[in-house]
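To keep things clear, I will list the structure first and then write my remarks on it.
The values are calculated or read from the model by the stated rules, or taken from the named source; none is laboratory data. These numbers were taken from a predicted model, which means no experiment stands behind them. Glycine also receives a Cβ, built like all others from the backbone with ideal geometry; neighbour counts cover every protein chain displayed.
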Amino acid sequence: MSEDRYRVGSFEFKSRLFVGTGKYADFELMEGALDASECEVVTVAVRRDVLMPEGGKKADSILDHINLKRITVLPNTAGCFNAKDAIRSAKLSRELLEGLGNPGAKWVKIEVLADKKTLLPEPIGTLQATEELVEAGFEVLAYTNDDPILARRLKDAGATSVMPLGSPIGCGQGILNPGNISLCIEYLKEDDPGYPVIVDAGVGTASDVTIAMELGADGVLLNTGIAGARDPILMARAMAHAVQAGRDAYRAGRIPRKRYASASSPMEGVIAPTQ
């Protein structure tokens, strides 16, 4: 069987697990978790105060703790609550990463959030930011609700990938609406089977990742499910196995669900029942 690789815009990967870099107790723990996850993409909220030197001395940057020979940085616009701020954040990320010669400057994960309580995506602002950033030359990965109509609109606006949520950010509730995720995947791939759909947010444990992959997603992005675990490194390893198990199960094709039992062994030749 050929290697199961896939493309997201101008990038090509084998690992289908995207991992965030927030909420870890320290950089050492983050490094261990990223290694254990075997991920090839990490998402980072790129900010000037994190990356720029102060007083002539380079600040300790999160990028100093990521193996950039193996991992591609995906900058995100975390913490933005309107399109204007998200667009500004994306352009700042590109400027900083270009200055560092980092290939992550080509793309951005857009988050335009509706409010601080739910952290749900704000659909109008997300669509607006996607349109403007595509026009500005970005490869946009759009974090959005599990709405197949909006997902198709974002693709039509030029999004390189649409990322429907499993459930709200950091909640650990898993895939709340598998029917809608399936519809998003169907709508986005109906005229382009290779279009990358990545389920993002809400993952609590390995089985949530497997479910997303069994539905036909091309990948899963998560952060809190690893960083908030009792043993983040062990959970990262579990997530790596889960994403591969789900992908293999999807490719293998599950048996149909039936109302009644179906015997595994043939009935012919069995001992006749006692009269």
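Summary table below
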{"item": "In segment 197-228, the residues that are in a helix (DSSP H, G or I), of a type outside the set (S, T, N, Q) and farther than 24 Å from VAL108 by Cα", "result": "ALA206, ASP208, ILE211, GLU214"}
{"item": "Residue among ARG230, ARG153 that is in contact (Cβ under 8 Å) with a residue 24 or more places away in the chain, on the phi < 0 side of the Ramachandran plot and among the basic types (Lys, Arg)", "result": "ARG153"}
{"item": "Residue identified as within 16 Å of ASP218 (Cβ to Cβ) and at pLDDT 95 or above among GLU132, GLU122, GLU186", "result": "GLU186"}
{"item": "Near pairs, Cβ below 8 angstrom, 6+ apart or cross-chain, from segment 200-217 (among the acidic types (Asp, Glu)) to any residue that is outside any helix (DSSP H, G or I) and surrounded by fewer than 21 Cβ atoms within 10 Å (Cβ to Cβ)", "result": "ASP208/GLY174; GLU214/ARG254"}
{"item": "Contacts under 8 angstrom Cβ, first residue in segment 108-122 being more than 16 Å from SER167 (Cα to Cα), partner among the aromatic types (Phe, Trp, Tyr), 6 or more apart", "result": "VAL108/PHE138; LYS109/TYR143; ILE110/TYR143"}
{"item": "Check on PRO148, more than 20 Å from CYS80 (Cα to Cα) and either surrounded by 22 or more Cβ atoms within 10 Å (Cβ to Cβ) or not aliphatic (A, V, I, L, M) (or both)", "result": "yes"}
{"item": "Matching residues in segment 21-62 - criterion: being among the small types (Gly, Ala, Ser), surrounded by 12 or more Cβ atoms within 10 Å (Cβ to Cβ) and at pLDDT below 95", "result": "GLY22, ALA45, ALA59, SER61"}
{"item": "Of the criteria (1) in a helix (DSSP H, G or I); (2) buried (at least 23 other Cβ atoms within 10 Å of the Cβ), which one HIS241 fails", "result": "(2)"}
{"item": "From the options GLU139, GLU131, residue that is in contact (Cβ under 8 Å) with a residue 60 or more places away in the chain and crowded, with 17+ Cβ neighbours inside 10 Å", "result": "GLU139"}
{"item": "Every pair of residues 6+ apart whose Cβ atoms lie under 7 Å, when the first sits in segment 1-23 and is on the phi > 0 side of the Ramachandran plot while the second is polar (S, T, N, Q)", "result": "GLY9/THR160; LYS23/ASN223; LYS23/THR224"}
{"item": "Positions within segment 178-196 being in a loop (DSSP other than H, G, I, E, B) and over 16 Å from LEU150 (Cβ atoms), in sequence order", "result": "ASP191, ASP192, PRO193, GLY194, PRO196"}
{"item": "Those residues of segment 121-177 which are assigned to a helix (DSSP H, G or I), of a type in the set (A, V, I, L, M) and within 18 Å of the chain's Cα centre (by Cα), in sequence order", "result": "LEU150, ALA151, LEU154"}
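For every residue, the table says whether it meets (1) surrounded by 15 or more Cβ atoms within 10 Å (Cβ to Cβ); (2) within 19 Å of PRO121 (Cα to Cα).
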site	(1), (2)
GLY202	yes, yes
ALA206	yes, no
ASN223	yes, yes
MET235	yes, no
GLY246	yes, no
GLY253	no, no
ARG257	no, no
